[in-house]
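Report on the following structure.
Read-outs: derived from the displayed coordinates by stated rules, not from any lab. Owing to the predicted nature of the structure, the values given are computational and were not obtained by experimental measurement. A quick note on method: Cβ atoms are made from the backbone with ideal geometry, for glycine too, and the neighbour counts reach across all protein chains shown.
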Amino acid sequence: MSEQVGFVTMGDAKGQLGDLPSIGVGMLGYAFMGKAHANAYRKLPYIVWPPPAVPRLVAIAGRNEGAVSEAARRYGFARHYTDWRQLVQDPEIQLFDNGGPNDAHAEPCIAAAEAGKHIICEKPLGRTAAEAKQMRDAVAMAGIKHACAFNYRFVPAIRQARQLIEQGALGRIYHFRAVYLQEWITDPSFPMVWRLQKKNAGSGVLGDLGAHIIDLARFLVGEPKSVSGLTRTFIKERPLGDGSGRTGTVDVDDAFAALVEFENGAIGTLEASRFCRGRKNHQVIEVNGSKGSLVFNLERLNELEFHSIDQPRDVQGFTDVLITESHHPFWGNWWPHGHIIGWEHTFVHELTHLIGAIVQNQTVDPYGATFEDGYRANVICDAIEQSSAENGARVPITYS
């Protein structure tokens, strides 16, 4: 074990990658995010060359013995546990990856921090801002590297948008607007799942989809000063799905809309819903400034629409830029220009960034999201909920 960065060499890994450093990974959860993260860990060593360290898939944990053992075999983890506490205490694990449900974020992450593990945790970081603050304080006290998995920061087009804004290409920012729309629970017969229960999820679409566009608002434009919001639950009873014919109460939001005032004087709108027929994963962001504008559509992930007042008069309007040139963010690890990448590859970029920060003892922020960023997104989600409960009253954003 290296005392400097806490990773092991590949001498005991059949020699496939020579003596490159490696980092032992332990993962909690094996469903949607488990698959996405495991896929990225497997791709990372040969897509990013040389990698900052080779992820070594030590162990995976989940409550169901049959399912987690199958996940270990499928994803390539050496062993599995049905108790996350065993995962956290495994001495071969340096990086704890928490892709579990929202109610399994705080306690395991705090325990992992106390055990000296570096951590990446899926969003929303906590079910509430108070819970997220406990997590943030725990990692700060432990002195470990930590990331909240806002993977859209690692879309090449989003990073390019950030660079354009930092370079002043848009001038003074006036507007930020974002929508994130899906349709997957529109059917009233769709059964109760953990995402529809406050005790498990903390919030509904606010934490599920809204947290992403809230983070991107902060990432691209800056800190919000205040919000005014409205939330709505359209279907309040759903079948339990256990064959009993009984229903359960949905006690989280199905949709929200919010007005945002930013510290820098910009104004914005945020909207998210899981009740938009025909919308699959429709996230669209627009930023308008004194010198130009940009638009990003997640379902056209490799493109960025850009307008500048510096364009010749006869070609004024938005230009659709394919963000696949070798000089574009992250692209040097991929294919020749025009050969597009997909949603799953954002996790390769995200985990490379985190592992590089661990091995090279660098900061995760400002380009990666930390637990501080996760906490701040939770604060804004809570403020939108509070505003809705207070008939749309403007709620100031304050962090502690």
Checklist entry - Would you list 131, 390, 183 from fewest to most Cβ contacts within 10 Å? => result 390, 183, 131
Next on the checklist: As an exercise, use a Förster radius of 22 Å and the Cβ-Cβ distance of residue 327 and residue 263 to find the FRET efficiency, rounded to the nearest 0.05.
Outcome noted: 0.10
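Nearest 5 is fine: what % of DSSP beta bridges in segment 8-151 come out antiparallel, could you say?
If I count the DSSP bridges inside segment 8-151, around 10 percent turn out antiparallel.
With a 10 Å Cβ neighbour count serving as the proxy for reagent exposure, in which order, fewest first, do 334, 49, 184 appear? Present the calculation step by step, with values, prior to reporting the outcome.
Values: 334 19, 49 9, 184 14.
Ascending Cβ contact count within 10 Å gives the list 49, 184, 334.
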Checklist entry - How far is it, in nm, from the label point at residue 193 to the one at residue 247 when both lie 7 Å from their Cα along the line to the Cβ? => result 2.0
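Over the chain, what is the mean sequence separation of C-alpha contacts under 8 Å (at least six apart), divided by residue count, expressed as relative contact order in percent? Could the numbers behind the result be given before it?
Working: 877 pairs, mean separation 75.2, N = 400.
So the answer I get is 19 percent.
Out of all DSSP beta bridges with both ends in the chain, state the antiparallel percent to the nearest 5. Intermediate values should be presented prior to the final figure.
Details: 43 of 71 bridges.
Of the beta bridges lying entirely in the chain, close to 60 percent run antiparallel.
Return 307, 37 ranked ascending by Cβ neighbour count within 10 Å, so the fewest neighbours appear first.
Arranged by neighbour count, lowest to highest, 307, 37 become 307, 37.
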